[in-house]
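One structure below.
The values are calculated or read from the model by the stated rules, or taken from the named source; none is laboratory data. These numbers come from a predicted model, not from an experiment. Neighbour counts are summed over all protein chains in view; Cβ atoms, including those assigned to glycine, are modelled from backbone coordinates with ideal geometry. Accessible surface areas use protein heavy atoms only, side chains included; no ligands, DNA or RNA. Shrake-Rupley method; radii C 1.70, N 1.55, O 1.52, S 1.80 Å.
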Amino acid sequence: MYLEINGLYKSFGKGENLTEVLKGITCGVDKGNICVLLGPSGSGKSTLLNIIGGIETADCGTVTINGDTVNHMSERELSLYRRKHLGYVFQSYNLIPNLTVKENIEVGAYLSDAPLPLDDILNTLGLWEHRNKIPNQLSGGQQQRTAIGRAIIKNPDILLCDEPTGALDYNTSKEILKLIEDVNRRFGSTVIIVTHNDAIKNMADRVIKLRDGMIRKDIVNEQKISATEIDW
Amino acid sequence: MRNPLNKTYKREIRQDLGKYIALFLFLTLTIGFISGFLVAGGSMKTAYDESFEKYAVEDGHFTLAIQANDELTEKIEAEQVKVYPLYNKSFNLDNGDTVRIYKERKSVDRICLMDGKMPEKNGQIVIDRLYAENNGIEINDKMSIDGKSFEICGVVAFSDYSALFKNTTDMMFDANKFTVACVTDDDFDSLSDKKIKYTYAWRIDDRTLSEKEQIDKADKIKNILSETGLITDYIKTADNPAIQFTGDDIGKDSVMMTAMLYIIMAVLAFIFGVSTRNTIEKESGTIGTLRASGYTRAELWRHYMFMPILVTVIAAIVGNVMGYTFMKHVVVMMYYHSYSLPTYVTLWNMRAFILTTVIPGLIVWAVVFVVLFVSLKLSPLQFLRHELKPKKKNKVIKLKHFNFITRYRIRIIFQNLPAYFTLFAGVLFASVLLMFGMMMSPLLTNFRTEVLDSKIADYQYVLKAPVEVEYAGAEKYAVCALQTDTGEEITVYGIDSDSTYMKDKAVGIGSVLVTYGLSEKYGIESGDTLELFEKYEEKSYNLKVTGKYNYPAALAVFMSRDTFNRVFEKADGYFTGYFSDKKLTDIDEMYIATVITQSDLTVIADQLDDSMGLLFLLMCGFSVIMYIILIYLLAKQIIEKNINAISMIKILGYSDKEVASLYSKSTGVVMVISLIFCLPLCHAVIKLIYYAVMKKFNGWLTFYIAPWIYPVMFLTGFICYVAVYFLQMKKIRKIPMGEALKNVE
């Protein structure tokens, strides 16, 4: 497996306020797969994603990506690791307000020694015409596309998406999902999507359902369909 | 690839132009002014220090009652010093001013020609440049002295009169009513000898002697002179204010100015700190994403450090350029308006560069560094979740007794405590400056009034020898000058017990009254014993103080004439002068040592007003600018921090005016509270500084802050706030309602 998770535990708070968020998660994702982490609020899916991304630490257990164990890395090593291998997309776009679309994507390109061609990305994302606009001149969908552009331009091995369509309407959500699918196909990135939208599981190679910090289902989706075909 | 985050800087400046212009201007003006002050001061101080050798400034001088004979001169010169006669004659001009005339000096205390030429023929005179300026006298003007007309052929700076002290015991120099002058030898001899003073300067042959060795030599000379019984005046250069005051003052100014720079820089650094913290809070999500994407802490640290450092560095460069050009001229003008300094050359001042460029940069760097170090320590996830502050378990402060609007405002104040703390510190500092700038003129006016109200007589005649007068209203008195253990001159008066001139309090036999100034300066109270020393002898007197007397014109002791004569072992009926309510015309001028009139009593106030007036004005202006910039910057940040909330309450239906009443008026409330608290604090701080400074000066100026200054200060601060309030209204109006909806996460 490209991504291996073994016996992951995570809790927050102390004493009476202790909440166990992850209770022994063990799973894996193959390289180039789209994996959807499904579950209701509080199920631990975002925490799991954040531990995979190295921005949260587990109490115990290991996360290994392509043979590198993330848990054992120092703060600096983690930064470098994220820089080289990971791309992040969040529900809130978090773009830099006084940079243009093009420049916001360049913020991601700066982190890579061999970034993907910028113009190519702008075209792929349908942002070419908007490349010189600043974020507050864009719609939510366009802003999220810019955030995806920023994440993928460094050609990350793994693209981590935390509720990427959470703030978008139906049509825009489908556009974004299509885009993520295209990125996966074109650049071969492994994609992990955290969502509570059950329909999104249909475009995934692998679906992991979480509830109360435990894996309830871990299935390989044999009937994967295109993002354009999914509906909810 | 260049870091794309760098592209934000230009746009950030454009978007926040007001803030950056305000900070830049404030920094540039402060650095420019201080740099100008240090550069001009440094160059002036160097010129002043070099003048000691360049113009062969004396190591001391003495005055004898008669000309020194060869034997005395030889005895003194046996101490490896050279003695030079510096005879001088003082005359009153038609307008009452005093001119002290010398022959041209070739070997000691040489004169620096500032403009025109030195006297080449009889009838020509050069006078002090500063006196000429103060009195609108120009080259080629005429001057009548001792019935003889002189043409002013040049203006000069005497190397031994860089501060125009008429007497070395005076509290303050007087460049308005006193000047030194130089004429040809023939003209000098032709002037009346009635006013001649046989003054001699000495200069040590070995210029490498240590300060202590020089003092030892001066003491030996004093001993030789004391034996003659002819000495009427003696002072070594180290104690001569006419020579030393300027150097001490230039040095003192630079210390004060540097301290002021650092206080301002600390306030500005905190503004940068608060501003940076607000930016981080605002951009928390973006920072989290960047950190999650692999941006290192150091990269973000550099990014957020860049603007404050850039603004400081550019301001320091521009400020330094201003310091060496425009500002230097302003300061030079101020120095030349106070002192009779020789010509100077602008010198590169490494110390000024470090003090005004490197250290301010370091202060800003250190404060922003700490803010960033603390802020950026958080994990990417904390930034993404906007968890920038530790979750406190503190209870929410209950404000149930207040109405909604007041509660809202109080919450805003609590939310922005660091910004408001910076505002308070800045307001306090600006208020101290403002109070100092505003208080000095009324203080001097009050001093003048007090001096005139409490003057003993319209005319105080000091005689060289006792002579009788016909006018029955004239009253005899005795006076002598002693000194404290620190060397400060104290005038001791012996007054008739039934004096008609001494107001309020009669001086009975055995009673010793000290002036309030003397009491305040040395902490002397009734019942204490005051020890005073003879100036040129090792003799001291212990005076038991019985009360205080209001006589602000001098540090003085009053006793009855009988007591005076007994204490100083004088014959009964001994006196040295007259108090009179009108001019006495029947005393031959040769017997008059000096006449003290009203203008002599107020000379210190007049001179301080004249030479420091511009500085007081500059301080007031600077404080007002500081008020406005501080309030503007901090109020702006508070609004920016709350853009979402403002947008949201606008959606709810609040009008712009109501929004301003919530947000800008919170700043107003803090401003008003700060101003109210600052007034007594300022009073205490100023009083502390004032007493410390006055203790270093000769004499005493009564501490006084005119009561109207407090409301005017409050109003000034409040008007500055109102001006900023209207600017903020404009900003609030511009906040779109959509902002809140866009930023909901």
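Computed quantities for the displayed model
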item	result
Residue count, region A:83-96 (criterion: within 8 Å of another protein chain (Cβ to nearest Cβ) and closer than 23 Å to A:Q137 by Cα)	7
Qualifying residue in region B:569-589 (condition: touching a Gly at 6+ places or on another chain (Cβ under 7 Å) and hydrophobic (A, V, I, L, M, F, W, C))	no
Positions within region A:1-38 being of a type outside the set (G, A, S) and assigned to a loop (DSSP other than H, G, I, E, B), in sequence order	A:M1, A:Y2, A:K14, A:L18, A:D30, A:K31, A:N33
Matching option when the condition is away from chain A (no Cβ under 14 Å), among the aromatic types (F, W, Y) and more than 25 Å from B:P418 (Cβ to Cβ), among B:Y339, B:Y262	B:Y339
Failed criterion for A:N104 (all others in (1) within 21 Å of the chain's Cα centre (by Cα); (2) more than 12 Å from chain B (Cβ to nearest Cβ); (3) in a helix (DSSP H, G or I) hold)	(2)
Region A:64-82: number of residues that are under 21 Å from A:L116 (Cβ atoms), outside any loop (DSSP other than H, G, I, E, B) and either open to solvent by 80 Å² or more (accessible area, probe 1.4 Å) or within 11 Å of another protein chain (Cβ to nearest Cβ) (or both)	3
Residue match in region A:108-125 (condition: away from chain B (no Cβ under 13 Å) and in contact with a Leu (Cβ under 7 Å, 6 or more places away or on another chain))	yes
Residue among A:D119, A:D59, A:D68 that is of a type outside the set (S, T, Y), modelled with pLDDT of 90 or more and under 30 Å from A:M1 (Cβ atoms)	A:D59
Entirely in region B:633-745, the helices (runs of 4 or more DSSP H) that have 3 or more residues that are among the hydrophobic types (A, V, I, L, M, F, W, C)	B:643-651, B:656-696, B:709-734
Wholly enclosed helices (runs of 4 or more DSSP H) of region B:229-340 bearing at least 3 residues surrounded by fewer than 21 Cβ atoms within 10 Å (Cβ to Cβ)	B:241-282, B:297-324, B:326-338
First in region B:90-109 and in the same structural domain as B:C182 (by TED's automatic domain parsing), second anywhere and surrounded by 14 or more Cβ atoms within 10 Å (Cβ to Cβ) and among the aromatic types (F, W, Y), Cβ under 6 Å, 6 or more apart	B:T98/B:F178; B:V99/B:F91; B:K103/B:F188; B:S107/B:Y84; B:V108/B:Y84
Where B:Y161 falls short, out of the listed (1) assigned to a loop (DSSP other than H, G, I, E, B); (2) of a type outside the set (G, A, S); (3) touching a Gly at 6+ places or on another chain (Cβ under 9 Å); (4) on the phi < 0 side of the Ramachandran plot	(3)
Long-range neighbours under 6 Å by Cβ, at least six apart or interchain, first residue hydroxyl-bearing (S, T, Y) within region B:175-193, second open to solvent by less than 30 Å² (accessible area, probe 1.4 Å)	B:T179/B:V99; B:T179/B:I127; B:T179/B:D128; B:T179/B:Y131; B:T184/B:P119
Any pair with Cβ under 9 angstrom, 6 or more apart, that starts in region B:1-12 at a residue that is more than 7 Å from every other protein chain (Cβ to nearest Cβ) and ends at one that is open to solvent by 50 Å² or more (accessible area, probe 1.4 Å)	B:R2/A:Y110; B:N6/B:F306; B:Y9/B:F306; B:Y9/B:L310
Yes/no for A:I148 being closer than 17 Å to A:G188 by Cβ, surrounded by 20 or more Cβ atoms within 10 Å (Cβ to Cβ) and either in contact (Cβ under 8 Å) with a residue 60 or more places away in the chain or away from chain B (no Cβ under 13 Å) (or both)	no
Those residues of region A:206-228 which are open to solvent by 30 Å² or more (accessible area, probe 1.4 Å) and assigned to a loop (DSSP other than H, G, I, E, B), in sequence order	A:D212, A:N221, A:E222, A:Q223, A:K224, A:I225, A:T228
Yes/no for B:K252 being at pLDDT below 85, over 23 Å from B:K10 (Cβ atoms) and charged (D, E, K, R)	yes
Residues of region B:291-303 that turn out to be away from chain A (no Cβ under 12 Å), under 18 Å from B:Q382 (Cα atoms) and of a type outside the set (A, V, I, L, M, F, W, C), as a count	0
Output for region B:26-48, where each listed residue is over 11 Å from B:L355 (Cβ atoms) and in contact with a Gly (Cβ under 6 Å, 6 or more places away or on another chain)	B:T28, B:G32, B:G36, B:Y48
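Results for (1) open to solvent by 60 Å² or more (accessible area, probe 1.4 Å); (2) in contact with a Lys or Arg (Cβ under 8 Å, 6 or more places away or on another chain); (3) modelled with pLDDT of 90 or more, shown as yes or no for each residue.
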residue: B:E120; (1), (2), (3): yes, no, yes
residue: B:R129; (1), (2), (3): no, no, yes
residue: B:V156; (1), (2), (3): no, yes, yes
residue: B:S159; (1), (2), (3): no, yes, yes
residue: B:L164; (1), (2), (3): no, no, yes
residue: B:N176; (1), (2), (3): no, no, no
residue: B:A201; (1), (2), (3): no, no, yes
residue: B:D205; (1), (2), (3): yes, yes, yes
residue: B:E211; (1), (2), (3): yes, no, no
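One line per residue, one yes/no per condition, for (1) touching a residue at least 40 places away in the same chain (Cβ under 8 Å); (2) under 30 Å from B:T500 (Cβ atoms); (3) surrounded by fewer than 21 Cβ atoms within 10 Å (Cβ to Cβ):
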| position | (1), (2), (3) |
| --- | --- |
| B:I405 | yes, no, yes |
| B:F414 | no, no, yes |
| B:T422 | yes, no, no |
| B:L428 | yes, no, yes |
| B:L433 | yes, no, no |
| B:R448 | yes, yes, yes |
